[in-house]
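To start, the structure under review is shown below, and the notes come after it.
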Amino acid sequence: MAGPLHPSEIPIPSSAGIAIRQSLPRVKRRPPRPIAGRVFSICWLLLALVVFSGGGGLGLGLLVVGVGVIWMGMWILRFCIWLVLELTNTNPESFGSPAKAIAYWIFEPGVFLVAVGVVALDVPQRIRLSLSSSALEKYVADVQAGTVAEQRYGEPPRRIGLYTVSETELLKDGVVRLITSSDGLDDVGLVFAKNSEPPVIGEDSYSHMTGPWWHWHRSW
């Protein structure tokens with residue numbers, strides 16, 4: 001004589017199985033609130049624009065780039081996890097529509113790519129120089145005429161336009177070099193050289209910006 005059936009062996013009518021499945025609560029996967037990621041994106045973008053508008057010293061520049069790389073790595077991880085959940089979930093409409101999903105996920109990498117593009121094209125630095133050109137040219141003329149003294153390391157900084165100048169050096173041929181950013185690893189600044197290229201001293205390097213203005217990187 002056969003023994004009693006195990007509960008798992010008891011046959012369940014198909015209609016009853018459907019009713020049981022329908023009675024189970026559905027797990028709703030909602031997307032994370034976008035406010036945190038978007039606020040961080042905007043703050044990082046503004047920080048990058050400010051740092052690189054002054055030339056981007058090695059220390060601060062590496063810090064901004066490092067934070068951006070970590071942030072994008074975390075975004076990729078989050079996106080992959082979400083994608084796996086969406087592909088295995090019975091309710092893929094957690095965003096309500098594909099358009100909302102695209103709008104949500106494209107914002108952060110979009111901000112990152114915009115920042116990389118404008119920094120690569122020197123847009124922040126050129127805008128800052130353009131807005132400060134009148135004040136800078138007047139300051140340079142005063143230094144060349146001797147009405148404003150040169151500025152050595154450790155002396156109080158001077159506010160010229162949108163720049164904070166910590167060192168001012170007058171060289172031959174009317175060349176004036178200004179340190180506008182220093183982070184302890186190296187210094188960056190501007191050089192006014194109207195009649196000739198700036199002289200290379202030590203490991204200095206220059207890149208031409210516009211008119212008589214050059215970007216100056218001083219490495220120790």
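Mind checking which residues of segment 96-115 are in contact (Cβ under 8 Å) with a residue 24 or more places away in the chain, more than 20 Å from Ile81 (Cα to Cα) and of a type in the set (A, V, I, L, M)? Can you show your working first?
Residues of segment 96-115 that are in contact (Cβ under 8 Å) with a residue 24 or more places away in the chain, as a first pass: 101, 104-105, 107-109, 111-112, 114-115.
Among the residues that remain, those that are also more than 20 Å from Ile81 (Cα to Cα) are: 111-112, 114-115.
Residues satisfying the conditions are Val111, Val114, Ala115.
Here's the yes/no breakdown for (1) in a strand (DSSP E or B); (2) touching a helix residue (DSSP H, G or I) at 6+ places or on another chain (Cβ under 7 Å); (3) under 13 Å from Leu129 (Cα atoms):
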position: Leu178; (1), (2), (3): yes, no, yes
position: Val191; (1), (2), (3): yes, no, yes
position: Pro199; (1), (2), (3): no, no, no
position: Met209; (1), (2), (3): yes, yes, yes
position: Arg218; (1), (2), (3): yes, no, no
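Do the conditions hold for Ser166, that is, is it farther than 30 Å from Trp71 by Cβ and buried (at least 19 other Cβ atoms within 10 Å of the Cβ)?
yes
Quick check: anything in segment 131-139 in a helix (DSSP H, G or I), at pLDDT 90 or above and touching a Pro at 6+ places or on another chain (Cβ under 9 Å)? So that I can check it myself, show each step before the final result.
Narrowing segment 131-139 to residues in a helix (DSSP H, G or I): 131-139.
If we keep only those that are at pLDDT 90 or above as well, we get 131-139.
Within this subset, residues satisfying the condition of being touching a Pro at 6+ places or on another chain (Cβ under 9 Å) are 137.
Scanning segment 131-139, I find at least one residue that is in a helix (DSSP H, G or I), at pLDDT 90 or above and touching a Pro at 6+ places or on another chain (Cβ under 9 Å), so the answer is yes.
Considering every residue within segment 106-119, establish whether at least one is part of a helix (DSSP H, G or I), farther than 23 Å from Glu167 by Cα and acidic (Asp, Glu). Yes: segment 106-119 contains one or more residues that are part of a helix (DSSP H, G or I), farther than 23 Å from Glu167 by Cα and acidic (Asp, Glu).
Residue by residue, here is whether (1) assigned by TED's automatic domain parsing to the domain that holds Trp214; (2) modelled with pLDDT under 90; (3) surrounded by 10 or more Cβ atoms within 10 Å (Cβ to Cβ) holds:
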position	(1), (2), (3)
Val27	no, yes, no
Gly37	no, yes, yes
Val51	no, yes, yes
Gly66	no, no, yes
Leu85	no, yes, yes
Ala99	no, yes, no
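In segment 175-205, of all residues being out of contact with any strand residue (DSSP E or B) (no Cβ under 8 Å at 6 or more places or on another chain) and free of Cβ contacts under 8 Å to residues at least 40 places away in the same chain, the one that is farthest from Tyr139 (Cα to Cα) corresponds to Ile201. Any residue at all in segment 173-182 that is at positive phi and surrounded by fewer than 13 Cβ atoms within 10 Å (Cβ to Cβ)? The answer is yes; a qualifying residue exists.
The values are calculated or read from the model by the stated rules, or taken from the named source; none is laboratory data. As the structure is a computational prediction, the values presented were derived from the model and not from experiment. No Cβ is skipped: glycine too gets one built from the backbone with ideal geometry, and neighbour counts run over all protein chains shown.
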